[in-house]
Amino acid sequence: MRNYCYSVFFLAFGVAQLAGCIRAGSGAGSLTFSADGEQVCYLREDRIEEDVVDGKTWLRSISLHWCNTSAPTSERSVHIESLGWEYRGYGTVVTDVAWSPKGSRIGVLTPHRVVVVAAETAETLEIRDGRISSFAWLAEGEVAYATRRTRGDRQQRVICRQDLQTHKKTDVVALPERLAGGSPCQKEQWAPSGRFAVLTEPEYGGQCHCVDVSNGTVRAFGQTNAYQVGVAWSPDSSRVFSVSGKIGANDVHEALLFEPLTGRIVDCTNAFRKAFPDRFPRLERLWAADGEYMLVNTLDTGGSLVRAEPWKVVRLGLLLAPRLSKTGPSRMIPHLFRLPVPGWVGVRRIGPYDDGHTFYAADYSGQHVLPLPSGDVSPDGTLAARLERGKVKIHPLGIWWVPSSVSPLPGGRGNGDREGLPTERGYEWDKWLNDLEREKGDITDFCDGGNG
């Protein structure tokens, strides 16, 4: 807390001395729930920046904030990192935050290190090792990470693990040395369990590799002379879907389903190319909560549910577009994101008249569509959390996905009595809906049911 207060004081002092030339700014990242849904955290960045269009940021102070969902006003914080002039040309600085499996620790990745914070005591532990590009939790007291170590003009990427109690560090896999230079352009994609990492080696013009951190096994798969387009892990870490692009004029995509334990590969390339001719498909990092579908978003078709084996594509975005559009004919194609509830996905309105901050929940069939608050949903689906004026706000949602408590509205406009919305914890849900309506208008106009 003392370091954080000092940083804020320093920022305020700087603004006072250089008033008229620079300004103070701040921003917060998205909220992250612990696995049990009882805690939530976020990163905040306070900065001093030039008071001009596209002005440089001269100083950043990054702090971690967290609280219990039952007492969001009792927030704790700790200073994580101060970044100076060497990052003045960066519009944003890449950071990452993740809770340990049981929620006793929070890991924070900065450009210089990994900082582990004890949620109970706010004590910190640093991991410094070259340039760390990503990390994952293996257990409550152990992390895995990827780093680049530089010696002279040579650089080597190494996958490591560290015990937080004994501070013992183990190099699991050391990849071939290469010429140093630049910053990591394609990060490692870690499985939810932390046991596996998929990476392209070399990062551009290489081949996909899957590293097993538990025993050091490395399996190479897929085309060579390629770059990573997207990686999506199944919730149980047993399968990963990888899309790579062949370097060349046509950027030919290859799509593979890979099983890291056995090395089994299912080639989905032809089906993927036919379904997604767009050159820039975006895969959500995790499959849907029940492991049934992957989520793929493109500019031309919006969001799709994709099953690799047997192959199946559900154009859910195109199905929902006419019902969620405020104008007709629809020029809005919804994109999909993951929700922690089996059988449901999140839907984001994307279009020329949308701000990208209107969200819904939809079942796989598209028959049931419910409004969602902006922010993040807890792992059990019963809470939503977001930042409002710099404070964490918790919104109870209830068990809204139970089929008996959710029924489709009649075709056409919503009837205004909230039929089709959750009936359990009705008071809490209706209170939140009333708040949302004050912000966005009558949300029942966009909750039509029927068969689409």
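Miscellaneous remarks
- Residue within region 259-282 that is in contact with a Gly (Cβ under 9 Å, 6 or more places away or on another chain), closer than 22 Å to Gly366 by Cα and of a type in the set (A, V, I, L, M, F, W, C) present: no
- Against the conditions (1) closer than 24 Å to Ser237 by Cβ; (2) touching a residue at least 60 places away in the same chain (Cβ under 8 Å), Thr170 satisfies every one except (2).
- Unique residue being exposed (fewer than 14 other Cβ atoms within 10 Å of the Cβ) and under 24 Å from the mean Cα position of the chain (by Cα) when the list is Asp278, Asp267, Asp290: Asp290
- Residues within region 148-191 that are surrounded by fewer than 17 Cβ atoms within 10 Å (Cβ to Cβ), at pLDDT 90 or above and not in a strand (DSSP E or B), tallied: 8
- Of all the numbered requirements in (1) small (Gly, Ala, Ser); (2) more than 26 Å from the chain's Cα centre (by Cα); (3) surrounded by 19 or more Cβ atoms within 10 Å (Cβ to Cβ), Ala321 misses one, and that requirement is (2).
- When Glu86, Glu49, Glu45 are checked against the criterion of being at pLDDT 85 or above and of a type in the set (D, E, K, R), a single residue qualifies: Glu45.
- Close pairs from region 252-265: first at positive phi, partner basic (Lys, Arg), Cβ under 6 Å, at least 6 apart: Gly263/Arg219
- Test result for Ala122, in contact with a strand residue (DSSP E or B) (Cβ under 8 Å, 6 or more places away or on another chain), under 17 Å from Ser100 (Cα atoms) and in a loop (DSSP other than H, G, I, E, B): yes
- Taken together, the criteria exclude Leu295 from residues that are of a type in the set (A, V, I, L, M), touching a residue at least 24 places away in the same chain (Cβ under 8 Å), assigned to a helix (DSSP H, G or I) and surrounded by 22 or more Cβ atoms within 10 Å (Cβ to Cβ).
- Which listed residue, of Ser234, Ser304, is surrounded by 15 or more Cβ atoms within 10 Å (Cβ to Cβ) and either modelled with pLDDT under 95 or touching a helix residue (DSSP H, G or I) at 6+ places or on another chain (Cβ under 7 Å) (or both): Ser304
The values are calculated or read from the model by the stated rules, or taken from the named source; none is laboratory data. Source: prediction; values computed, not measured. Note that we place each Cβ from the backbone using ideal geometry, even for glycine, and neighbour counts take in every protein chain shown.
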